[in-house]
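The structure under discussion appears below in the form of structure tokens.
Read-outs: derived from the displayed coordinates by stated rules, not from any lab. Computed from a predicted structure; not experimentally measured. All Cβ positions, even for glycine, are placed from backbone atoms using ideal geometry, and neighbour counts span all protein chains on display.
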Amino acid sequence: MSRTVDARGLTCPQPVILTKRFMDENTEGEIVTLVDNPTSLENVCKLAKSQGYSFTVEEQGTEHHIHLFKESFQLTLPDDSSTDVAILIKSQIFGEGSEELGTALMKSFFYALTESAFKISHILFLNGGVYLSTEGSPVLEHLHNLEQQGVQILSCGTCLDYYSLKDKLQVGQVTNMYTIIETLGNAGKTLVF
């Protein structure tokens with residue numbers, strides 16, 4: 001049985017997330033993912049390899065049809081999803097360079113987190129990162145979703161005060177540097193952005 005994922009017109013990480021959902025639902029049969037840009041093609045192919053799928057790519061004009069087949073033998077990798085992950089966000093944009101691109105990447109990052117298999121225990125906002133947990137943030141919807149999934153959202157009180165944002169906090173709780181250090185120290189893994 002073949003199932004089709006129509007990811008045409010979608011940007012990263014949506015084609016990967018949609019394909020992964022189909023992989024999780026289907027243990028047998030073919031999955032065909034339709035994409036229309038090189039980045040999505042590359043990322044879906046990487047996902048296929050990481051999940052033990054073989055694949056072929058069929059070009060049809062500006063589109064690519066990625067045919068994914070589950071390998072009968074799959075190497076089992078250690079499952080790191082049981083390890084708590086604490087994420088420290090220290091800026092309202094992702095990376096350095098273009099602010100517009102950094103904002104788009106941050107939105108994409110938080111959307112991908114809502115679909116991640118990692119067991120995220122905490123997201124901590126520090127310095128300019130506190131703008132993301134306050135009124136007007138482009139990622140509030142994703143943060144509320146993560147909080148509903150059990151992720152603790154904590155924003156530095158000193159930082160909120162410095163930027164006059166304490167009364168604009170929209171998600172999570174106010175915290176202090178001691179709790180931030182303790183949380184990062186107790187986490188199984190820590191990611192800093």
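Quick notes
- Given Lys70/Lys107; Lys46/Lys189; Lys90/Lys168, the pairs whose alpha carbons are separated by over 27 Å: Lys70/Lys107
- The alpha-carbon positions of the stretch 1-66 define a convex hull whose volume is 73 Å³ per residue.
- Residue-averaged 222 nm ellipticity for the chain, from DSSP H runs of 4+ at -39500 (n - 2.57), nearest 500: -10500 deg cm²/dmol
- Stokes-Einstein D (µm²/s) once Rh is taken as the Kirkwood radius of the stretch 80-192 over alpha-carbon pairs, at 10 °C in 1.306 mPa s: 114
- Cα shape, the stretch 139-193, gyration tensor, a/c 1.5 rule: oblate
- Computed extension length for Gln51-Gln149: 32.9 nm, one decimal, from 0.36 nm per residue of separation with the Cα-Cα distance subtracted.
- Rounded to two decimals, the Cα radius of gyration of the chain over 2.2 N^0.38 Å is 1.18.
- Sites listed here are GluC sites (Glu not before Pro) in the stretch 91-142 whose DSSP assignment is loop and whose Cβ has at most 14 other Cβ atoms within 10 Å: Glu96, Glu135.
- At full extension, Gln170 and Gln60 could sit 35.0 nm farther apart than now, given 0.36 nm per residue minus the alpha carbon distance.
- Using the Cβ-Cβ distance between Tyr162 and Glu135 with R0 set to 22 Å, the FRET efficiency works out to roughly 0.85.
- Between 0 and 90°, nearest 10: helix 38-50 axis offset from the chain longest Cα axis: 80
- As a proxy for reagent exposure, ranking Glu30, Glu58 by other Cβ atoms within 10 Å from fewest up yields Glu58, Glu30.
- Cysteines in the chain that lack a partner Cβ within the 4.7 Å cut-off: Cys12, Cys45.
- Take the Cα of Arg21, step 7 Å toward its Cβ, do the same at Ala117, and the gap between the two points is 1.7 nm.
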